[in-house]
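K.L.:
Okay, here's the structure, questions in a sec.
The values are calculated or read from the model by the stated rules, or taken from the named source; none is laboratory data. Not measured: the values here are computed from a predicted model. FYI the Cβ positions are ideal-geometry reconstructions off the backbone, even for glycines, and counts take in every protein chain you see.
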Amino acid sequence: MIRELFYDPLMKLNWFGEGEWVNEHDFVYWVHLGIECKVRRVVRTEPFNRSHVFGGHLCGYCKLPENHPWLKPESLKNAEIDVHGGITSQIDEQNWIGFDCAHLGDITPSMGSLLKRTGYKLELFKGEAYKNIAYAIKECNELARQISEAMNATNT
């Protein structure tokens, strides 16, 4: 089962300006290797000035199955997980862990609009890029693979 969600493209254009984020998915849910996965766009208003919307970047999450070894205290902390930026969303009450695409070198949609409003110029450095939905899904699938392998390693 795949579920998808789109914000209104005109809203995203108004919030962040032109970019591939305007017409791409904002939420996707699927199952990979038996692991539930989802990617969602982070959108929030700045608390002091509701006219600016921050974020627009994507975050990916995978749900740890019951009895997964990473659910034990300190095991996730000690796990060697190779995913973009590392695990930045620790286990929640429903056993989801995740990563975000807003690290040094990642372009977030709100960067351009914020810099435009303040008059600064966005200067890209080597390797800096917007991490799009295809990238976030690929990283989620990689995280799901690692979750599955860790589960299988404890069952053998």
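K.L.:
So, in region 26-39, how many residues would count as being in a strand (DSSP E or B), over 11 Å from C140 (Cα atoms) and of a type in the set (D, E, K, R)?
P.N.:
Number satisfying all stated conditions: 0.
K.L.:
Would you check if there is a residue in region 58-72 being within 21 Å of K12 (Cβ to Cβ), touching a Cys at 6+ places or on another chain (Cβ under 9 Å), modelled with pLDDT of 90 or more and of a type in the set (G, A, S)?
P.N.:
Yes, there is a match, as at least one residue in region 58-72 is within 21 Å of K12 (Cβ to Cβ), touching a Cys at 6+ places or on another chain (Cβ under 9 Å), modelled with pLDDT of 90 or more and of a type in the set (G, A, S).
K.L.:
Keeping to region 8-38, report how many residues are touching a Cys at 6+ places or on another chain (Cβ under 6 Å) and of a type in the set (A, V, I, L, M). I'd like the intermediate steps shown before the answer.
P.N.:
Step one: filter region 8-38 for residues touching a Cys at 6+ places or on another chain (Cβ under 6 Å), giving 30, 35, 37.
Checking the rest, the ones that are also of a type in the set (A, V, I, L, M) come to 35.
Of the residues in region 8-38, 1 are touching a Cys at 6+ places or on another chain (Cβ under 6 Å) and of a type in the set (A, V, I, L, M).
K.L.:
Can I ask one more? Has region 118-133 got any residue that is hydrophobic (A, V, I, L, M, F, W, C), in contact with a Leu (Cβ under 8 Å, 6 or more places away or on another chain) and modelled with pLDDT under 85? Don't jump to the end; show me each part of the working.
P.N.:
So in region 118-133, the residues hydrophobic (A, V, I, L, M, F, W, C) come out as 122, 124-125, 129, 133.
Now drop any that are not in contact with a Leu (Cβ under 8 Å, 6 or more places away or on another chain), which leaves 122, 133.
Filter once more, so that each one left must be modelled with pLDDT under 85: 122.
Yes: one or more hits.
K.L.:
Just name the residue that is nearest to R44 (Cα to Cα) out of those in region 12-30 that are surrounded by fewer than 13 Cβ atoms within 10 Å (Cβ to Cβ) and out of contact with any Pro (no Cβ under 7 Å at 6 or more places or on another chain). Break it down into steps so the answer makes sense when it comes.
P.N.:
Residues of region 12-30 that are surrounded by fewer than 13 Cβ atoms within 10 Å (Cβ to Cβ), as a first pass: 14, 18, 20, 23.
Filter again for out of contact with any Pro (no Cβ under 7 Å at 6 or more places or on another chain), leaving 14, 18, 20.
On the way: N14: 14, E18: 18, E20: 19 Å.
In this case the residue turns out to be N14.
K.L.:
Sticking with this structure for a sec: Looking at region 4-25, which of its residues are of a type outside the set (A, V, I, L, M, F, W, C) and part of a strand (DSSP E or B)? Full working, then the answer.
P.N.:
Step one: filter region 4-25 for residues of a type outside the set (A, V, I, L, M, F, W, C), giving 4, 7-9, 12, 14, 17-20, 23-25.
Hit for region 4-25 is E4, nothing else.
K.L.:
I need every pair where a residue in region 114-142 that is more than 27 Å from L64 (Cα to Cα) and surrounded by fewer than 14 Cβ atoms within 10 Å (Cβ to Cβ) has its Cβ under 7 Å from the Cβ of a residue that is at pLDDT 65 or above and of a type in the set (V, I, T), sequence separation at least 6 or different chains.
P.N.:
Short answer, once both residue conditions are applied: E128/I107; A129/I107.
K.L.:
Show the residue pairs meeting these rules: Cβ distance below 7 Å; 6+ apart or different chains; first residue within region 24-37 and among the aliphatic types (A, V, I, L, M); second residue at pLDDT 95 or above and in a strand (DSSP E or B).
P.N.:
Matching pairs, first to second residue: V28/K38; V28/V39; V31/C37; I35/C62; I35/K63.
K.L.:
Among the numbered conditions (1) touching a strand residue (DSSP E or B) at 6+ places or on another chain (Cβ under 7 Å); (2) at negative phi; (3) at pLDDT below 95, tell me where L104 comes up short.
P.N.:
With (1) touching a strand residue (DSSP E or B) at 6+ places or on another chain (Cβ under 7 Å); (2) at negative phi; (3) at pLDDT below 95 applied to L104, the lone miss is (1).
K.L.:
Looking at V22, V39, which is the one that is touching a helix residue (DSSP H, G or I) at 6+ places or on another chain (Cβ under 9 Å) and at pLDDT 95 or above? So that I can check it myself, show each step before the final result.
P.N.:
Details: V22 fails: at pLDDT 95 or above.
None of the others qualify; the one that does is V39.
K.L.:
Which of the residues spanning region 58-75 are touching a Leu at 6+ places or on another chain (Cβ under 9 Å) and assigned to a strand (DSSP E or B)?
P.N.:
G60, Y61, C62
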